[in-house]
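> Have a look at the structure that comes next, please.
The values are calculated or read from the model by the stated rules, or taken from the named source; none is laboratory data. Fair warning: this is a prediction, and the values are worked out from it, not measured in the lab. Because the Cβ atoms are built from the backbone with ideal geometry, glycine has one as well, and the counts that use them run over all protein chains shown.
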Amino acid sequence: MKKNLKKFKNPLSLIIIVIITIALFVSEAGCLFQDRTDSQLKIPDGSMTVSFVDVGQGDCIFARLPNNEIMLVDCGEYSERDAVCDFLDRENVKKIDYLVATHPHVDHMGGMSHIIKKYDIGSFFMPDTESDTNAFIYMLEALDEKNIQSNIVRAGDMIFESDSFRCEVISPVLDSYEETNDFSVVLRLTCGEKSFLLTGDAETYAEKHIKSDVSADVLKVGHHGSITSTSEEFLEKVNPKYAVISCGKDNSYGHPHKEIIDILNKYNIQVYRTDISGTITFFCDGKTVEVID
Ligand SMILES: [Zn+2]
């Protein structure tokens, strides 16, 4: 004991210990967001991250919720499965608590069978429509093999709900639509005072029938920025600060259409595009929303 006390009486030892302590503290704080590949990534209590994962021409949205549960909305084409798995692995995901296939088009659920087989799945959600594509059939088979129930959702249903965060289904409202896109499961994800509106490929017809509150800070622009979605009337109701367009570089559809970019600019909405920026991640602490690297 006496020896130890003596050791600390040496001013040089004391200075070294103080420097090491400060250095450790600074590096710990600095690591919070810098090293996104760190499997020990933690976000402050009550906060969430939402990533629009770059899957080329398609949609894939990842959310790490305030309770550390994971939601994945769509997963892009089958050819993008490795990109999605790499992202999930970097986030150290073993279980997807809430998996949503917004509608049965392959640019949204092409890789779903792969995801279902590879990860532990909590609950699975989809709209009341189907497709005769192999991707859709394989998705149902994968669910069946793992004995996972398909929860058919419509407006008014909740994916999850707690005191400070929740995810509400606000479309489909009708029993049936002519366009498969209009069956898209539209989600309003809320953390504290802030909301994200995830629209799948819902077109203006589906937008018109939504009765719920659509106001949001971040809008995932419908149908990859196609003119078929995002009417001015709908955009005014959402009134977002940020818009995200998920589309592939030089895609054959010409997405996003100029008219949609023009209208987003008209309302001074800050636009992020996966074809330009790659994966885009938002951090939300319930009071503020910001893009992080
Ligand atoms: Zn699509």
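> Take residue 226 and decide whether it is in the same structural domain as residue 43 (by TED's automatic domain parsing), within 14 Å of the ligand (Cβ to nearest atom) and modelled with pLDDT of 95 or more.
yes
> Another question about this same structure. Yes or no: segment 129-138 includes at least one residue that is in contact (Cβ under 8 Å) with a residue 60 or more places away in the chain, within 16 Å of the ligand (Cβ to nearest atom), aliphatic (A, V, I, L, M) and closer than 29 Å to residue 253 by Cβ.
no
> On to the next question. Scan 212, 176, 231 and give me the residue that is surrounded by fewer than 18 Cβ atoms within 10 Å (Cβ to Cβ), in contact with a helix residue (DSSP H, G or I) (Cβ under 6 Å, 6 or more places away or on another chain) and without any contact (Cβ under 8 Å) to a residue 60 or more places away in the chain.
Exactly one of 212, 176, 231 is surrounded by fewer than 18 Cβ atoms within 10 Å (Cβ to Cβ), in contact with a helix residue (DSSP H, G or I) (Cβ under 6 Å, 6 or more places away or on another chain) and without any contact (Cβ under 8 Å) to a residue 60 or more places away in the chain, namely 231.
> Kindly provide the set of residues from segment 157-170 that are touching a residue at least 40 places away in the same chain (Cβ under 8 Å) and over 15 Å from residue 71 (Cα atoms), ordered by number.
Across segment 157-170, the qualifying residues are 164, 170.
> Among the residues of segment 269-276, are any assigned to a strand (DSSP E or B), assigned by TED's automatic domain parsing to the domain that holds residue 99, touching a helix residue (DSSP H, G or I) at 6+ places or on another chain (Cβ under 8 Å) and surrounded by fewer than 22 Cβ atoms within 10 Å (Cβ to Cβ)?
yes
Matching residues to (1) surrounded by fewer than 23 Cβ atoms within 10 Å (Cβ to Cβ); (2) more than 12 Å from the ligand (Cβ to nearest atom):
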position	(1), (2)
74	no, no
83	yes, yes
86	yes, yes
99	no, yes
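> If you don't mind, another one. Among the candidates 110, 200, 156, 192, single out the residue that is within 16 Å of the ligand (Cβ to nearest atom) and on the phi > 0 side of the Ramachandran plot.
Of the residues listed, the single one that is within 16 Å of the ligand (Cβ to nearest atom) and on the phi > 0 side of the Ramachandran plot is 200.
> Same structure again: Somewhere in segment 77-86, is a residue among the polar types (S, T, N, Q) and touching a strand residue (DSSP E or B) at 6+ places or on another chain (Cβ under 8 Å)? Let's see the steps before the verdict.
Our first condition is that a residue be among the polar types (S, T, N, Q); within segment 77-86, this holds for 79.
Retained after the next criterion (residues that are touching a strand residue (DSSP E or B) at 6+ places or on another chain (Cβ under 8 Å)): none.
Checking segment 77-86: not a single residue is among the polar types (S, T, N, Q) and touching a strand residue (DSSP E or B) at 6+ places or on another chain (Cβ under 8 Å).
> Before we move on, is residue 243 crowded, with 17+ Cβ neighbours inside 10 Å and either over 23 Å from residue 87 (Cα atoms) or not assigned by TED's automatic domain parsing to the domain that holds residue 98 (or both)?
Numbers: crowded, with 17+ Cβ neighbours inside 10 Å: yes; either over 23 Å from residue 87 (Cα atoms) or not assigned by TED's automatic domain parsing to the domain that holds residue 98 (or both): no.
So residue 243 fails the test.
> If I filter segment 246-263 for residues that are within 25 Å of residue 106 (Cβ to Cβ), small (Gly, Ala, Ser), within 16 Å of the ligand (Cβ to nearest atom) and not in a loop (DSSP other than H, G, I, E, B), do I get at least one hit?
No, that holds for no residue.
> Next question, about the same structure. Do you know which of the residues in segment 45-67 that are within 17 Å of residue 81 (Cα to Cα) and β-branched (Val, Ile, Thr) is nearest to the ligand (Cβ to nearest atom)?
Filtering segment 45-67 for residues that are within 17 Å of residue 81 (Cα to Cα) and β-branched (Val, Ile, Thr), the one nearest to the ligand (Cβ to nearest atom) comes out as 55.
> Could you name every one of the strands (runs of 3 or more DSSP E) located completely within segment 68-184 that has at least 1 residues being farther than 23 Å from residue 56 by Cα and modelled with pLDDT of 95 or more?
Passing ranges, in order: 95-100, 120-126, 150-152, 158-161, 165-171.
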